[in-house]
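Since every read-out is calculated from the coordinates, none of them should be taken as a lab result. Quantities reported herein were computed from a predicted structural model and do not represent experimental measurements. With ideal geometry, Cβ positions are generated from the backbone for all residues, glycine too; neighbour counts draw on all protein chains shown.
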């Protein structure tokens, strides 16, 4: 057989070669690491990154801070200025640049754009770069994008865009900006973490996103642009701007395939706004909440297209809906003017209904209205049908439409319908088995809306037509008491409420008769005084005992952590206190309010805003809301009645009084019901406030 | 050949073929540090040249531990200048647990670097060369440092991966302290702004030391925390200066040497009475550069190049960075619109010409 190696000499050569090859080239001691070839895959990826960056460089511009805007720090936690140099992407070679509102806040119409260098950076380092004025042409307020137009001398380079919905979690994501260095782009590399984030609007990436690359492109490994990097916040983490996320491993980009169809509209100068529907739900839990329409706002697209309280949403534009979060996912990317096909399951009918609606940019101004019905109290889990199969009336508001229509205490409302929505003379009524359902039906209505009620009492059953009236501006003292003679019932008791993770306990004066009707809750914040002793609480609440017993309202006192001022952190204890109270006695969730005196009053306002799904009313005694607070417009799913109480002791100076009147005006303009109430001595104060808590059940 | 020799020969060939084929297949399965390098080997090898340093600092949130790079076989260590280093005895621990006491050899106040010395022989080290090439954007890198002090005793320093994000001149600060070094650095796409990271080593995937991790600073431009590294060629200059005991002065910010006064170009600003008087143009002298460039009375200067100015003092500050030959580009606001003004270049002889009568 012919051996490969004929001579022994060649054996030695081969052996030598082999030994050389396998000799460990480990330059551990002494010189620099010599010629070790790095893994080929990593090098190939590195080359791909660099090719992608070089390929996109001519399409990434820098947008200078304009120097025109009044730069305000809008809540960015690490004090990153909202206005600074930013990046932009060429979307039209004749000078169309896409960027984000970070570069161009709403009060800016022009910015300065610096174009990339024409030749290789290193050779022309000192070459002045072409700078142009860019004018704002269009804005997408939903996605926080801005389209600019400038007039370059030569055509700009358009990059390649990924137009299909072709972005996959796990694929490379290359983020490019031009903020650090005008002559070279900067890069951050990561992967696509998820798609459809921010309620369906954004791609999430772990590439380092920050003001360094806002407005810049997000590329795939081939160097094609699949997104524009945008400062969107993680709302569930309580953020309002996206700039807090800069060091976190989370960043967002708007997908190109959503943007490209909008560019023609932006070029025409349109301002694209988020689309609004006008419905509210009974719960704020997006994950578990069933997508049942609770309130329909008068005059909204929902009302106009025939959506009704009680409708269960099953599909939107063909996409199956199982929870409130799904509705948000379907609606949030939509713009005003977009049409929707909503499929609902309505109570009386068995076949699903298909409703077409067009979203609006602005819902008609809304102010709460009322019929004058105050239902009997119900505890929290009131989904069970009561034995009466309807809503039992406790009392009616004086001079209200309900009173004038002859509705009496102990009448039972078994069905209701809102007239303009149904256009029929004898419309089918939705059966109302609980106050929540009735509240949902009536909650979105504005004044002068006609409602049909089916009423049953011990003698007859009849239908009554009533028209809603504006929500009252004054409180009423014609509130019936639960117990006219308080001696007949067990007296109220002081209860200590231990709060987890808090050393000092909260206290409550709870009405006696544990098995009686559910209690209302008034959380009172006095001047901060630190820990409260049982003795102090007993003395403080002594003037409230009668009112608490008479109107069955639990008075709750929360200790401040600091004896000289209320702190934001104290708000945590408020929520926990109410939770602890719920373990001790049955609470009617529609009758919970916060109140406070002076510094405690301002704190009560903060608490009511923080717990705005729990507190239905807030009373400020001798106090005003914090300066420069943004007042949210009233909406049906957020019932807030603001009461300003004044005692004889406080005389406000001129400036304070002007400020105070201004606050009342601002609240009224936002559609929030506001009442003023002079309060006399402690006992009268207790009485009026407890009556007011009972009034919070007003429909 | 006789049968015996033939047998011997063929036996040898068979053995050799077997060995070679085993070797080749072995290479295909296990990356031996010869073909298709192993990143583990690269980083382990680099880590043997990186040391953990512990000083007696630790006041007011300034960490007393950091990282250093061995730069000579006898034990010179390059690291960042910090309060931890500024103590009598510094503990130095190698990746195999060997402990040394290090002493300060010298410091470079300009680049905020220091050289320490331990008594060692035949230690693994990185050769720091002034010819080290500039790394392109997107180059994959590994950062080796003792971030958060998690490596203790004989543990190897930690390895992070990332890429070179950008090249910029350093403009950074921490609190009110502004960083002295204003030369070029690599901005890293890798979170190296951590306690313990300063002084760490930046390598590429070939195992070359390409830079040293910098201090925990914020960008003076956009207030983000900076992850940056000083390139090797700068490290080489610093090392050489310290070892030769030369007092390496910073290139005396020639940028500030210019006493260029914009009024020499023919524009008068409104009187600077208040601390924050905005730079409104009061008058333009005819037949001057300012007039030719199209400036007019009541124009408001809002930026020089891409640097925003909001006051005359700010304007003077930004102009002081211009050196002869630099272009003078202003953004002005006229009647609510932005106008871009090109005022030519900074003259080489700063002689006021055409100065108005004032």
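Alpha-carbon geometry of segment A:117-272: the Rg and the Dmax are 16.0, 48 Å, given in that order. Annotation: the residues B:346, B:164, sorted from fewest to most other C-beta atoms within 10 Å of their own C-beta, follow the order B:346, B:164.
Counting every alpha-carbon pair across segment A:409-561, the share separated by more than 24 Å comes to 55%. Of the peptides B:107-120, A:530-543, the ranking by mean beta-carbon count within 10 Å, highest at the top, reads B:107-120, A:530-543. Gyration tensor over the Cα atoms of segment B:202-250: the corresponding equivalent ellipsoid has semi-axes (square roots of 5 times the eigenvalues, largest first) of 23, 18, 7 Å. The Cα atoms of chain A cover 121, 73, 62 Å along the three principal axes, with the biggest extent listed first. Peptides B:77-89, A:659-671, A:295-307 ranked from most to least packed by the mean count of surrounding Cβ atoms within 10 Å: A:295-307, B:77-89, A:659-671. Taking the number of Cβ atoms within 10 Å of each Cβ as an exposure proxy, the fewest-first ranking of B:98, A:616 is B:98, A:616. Sorting B:219, B:103, A:431 from the fewest to the most surrounding beta carbons within 10 angstrom yields B:103, A:431, B:219.
Size descriptors for segment A:651-699, from the alpha-carbon set: Rg then Dmax equal 13.6, 37 Å.
Could you work out the mean count of beta carbons from other protein chains within 10 Å of each residue's beta carbon in B:184-197? Taking the mean over all residues of the peptide, I get 2. Each principal axis of the Cα atoms in segment A:89-195 has its own extent, and those three values, largest first, are 41, 36, 23 angstrom. Peptide B:300-308 has a mean shielding of 5, counted as Cβ atoms of other protein chains within 10 Å of each residue's Cβ.
Taking a ≥ b ≥ c as the square roots of the eigenvalues of the Cα gyration tensor of segment B:253-345, is the shape rounded (a/c under 1.5), prolate (a/b larger than b/c) or oblate? Since a/c stays below 1.5, the shape of segment B:253-345 is classed as rounded.
Counting, for every residue in B:220-226, the Cβ atoms of other protein chains within 10 Å of its Cβ and taking the mean gives 6.
Rg and Dmax of segment B:25-246, based on Cα coordinates, read 16.7, 61 Å.
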